Every structure is written in structure tokens, then in C-alpha cells.
Amino acid sequence: MKNFILLSISIILFSCGDIKIDTSTGNPSDLESNESASRPLFENGDLMTNVSEDPMGNVLDYPDYNAAVTSQVKVWKPGFKSPWHYHPYSGPAYIVQGELTVNYDTETSIDNLGAEKKIIKTQTYKVGDAFLGVPNTWHLSENKGSEDLIFMVHWLGEKDKPLAFFEKK
């Protein structure tokens, strides 16, 4: 059942190939009305196939109780930088436009909300990249590029539970 729900949501979201987000309003607009659009955002084909580990090697795990999917579209201006945080869940992500740079602190325990964080590993995802979000690892994400970053993520979480926890200073 979990696979069916994830597949259904992915098909709906990834089939929106004629949609582009207007970053000035946050509203979708037709690609054909956008003169700067020279290619479709999506093409037919698999984005991920049989992916069972995230980029850090963690095995994909679903919640045992009250599973729920939350799908998000994020639009970040150039220079945006998130605070240090972690997600208790994983989920497939897809870069629609721009580049996403994720800086991981793989040494600090998630139980230590006030600890000094440091960048241990950095990964950059580009247009068309699909990957699993890394759970239970401190990270900060940023748009180091010169254009808006647009990405989608589908969290495989639990109903009414938070999707992220932030560093306490």
C-alpha cells in the first residue's frame, strides 16, 4: 500500500511537465507563455529506479505507524541558506531548476540540538537530479547559484508529526 501511495503521488507531481513556477508570485504558469523556457521541465522516463539508499548510504525506512506523505515545492532565491536542521524521515526529491547544495554534519548527534555544527560533507544536486533526502543527519542547504532554485520533495513521514527539527542556539 505504501508503494502504491508513493507511486501515485510521484506520477501526479512528475507528470506536471507543462507547469513552471512563477517565482515572483509563487503561482504556476504555462511554459508556452514563458519566453525563457527552451526545454520541457520533465521528459518521459524513470527519475529513480529501485533506490533503497540515500546519498549517505542510509537504507530507506518507512514509519511503522500512521504513515503519511507530505509533498512540497520549494523555491529559493540565489543566496538562500537554511539554518542547521535535520529531517526524521527520508523521501524522494527532484531538482526542477538551479542547483541545491547540501552541507552535512555527519558527526554531531541529532539529540544535541545546541552543539556547534561543522560541515563534514557537501553534495550538490543539479537540474534533473533525483535523490532520497537524508534522514537524521544535521545539514544546511543553500542555493549558491545565480538563478532561483526550484525543487520538489515528498517526505515519507508520519501523520501530524514534524518534518524537520532546527538547531537551538
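The values are calculated or read from the model by the stated rules, or taken from the named source; none is laboratory data. If you're wondering where the values come from, they're calculated on a predicted model, not measured in any experiment. Virtual Cβ from ideal backbone geometry, glycine too; neighbours counted across all protein chains shown. For the accessible areas, the whole protein counts, side chains as well, though only heavy atoms, and no ligand, DNA or RNA atoms are used. Shrake-Rupley method; radii C 1.70, N 1.55, O 1.52, S 1.80 Å.
Here are some notes:
- Net dipole in debye of the range 100-150 [+1 Lys, Arg Cβ; -1 Asp, Glu Cβ; about Cα centre; nearest 20]: 120 debye
- Checking the cross-link pairs K118/K159; K74/K126; K77/K126 against a 23 Å limit on the alpha carbon distance flags K118/K159 as lying beyond it.
- GluC sites (Glu not before Pro) restricted to DSSP loop in the range 110-166 with at most 15 other C-beta within 10 Å: E116, E147
- Simple label model, 7 Å out from Cα along Cβ direction - S71 to T101, nm: 3.0 nm
- Spatial extent of the range 82-142: Rg and Dmax, with the Cα atoms as the point set, Å: 11.8, 35
- Sites listed here are chymotrypsin sites (Phe, Trp or Tyr not before Pro) in the range 49-80 whose DSSP assignment is loop and whose Cβ has at most 10 other Cβ atoms within 10 Å: Y65.
- Heavy atoms of L163 accessible to a 1.4 Å probe, total area in Å² rounded to 10: 40 Å²
- Loop trypsin sites (Lys or Arg not before Pro), the range 93-142 (other Cβ atoms within 10 Å of the site Cβ: 14 or fewer; DSSP): K118
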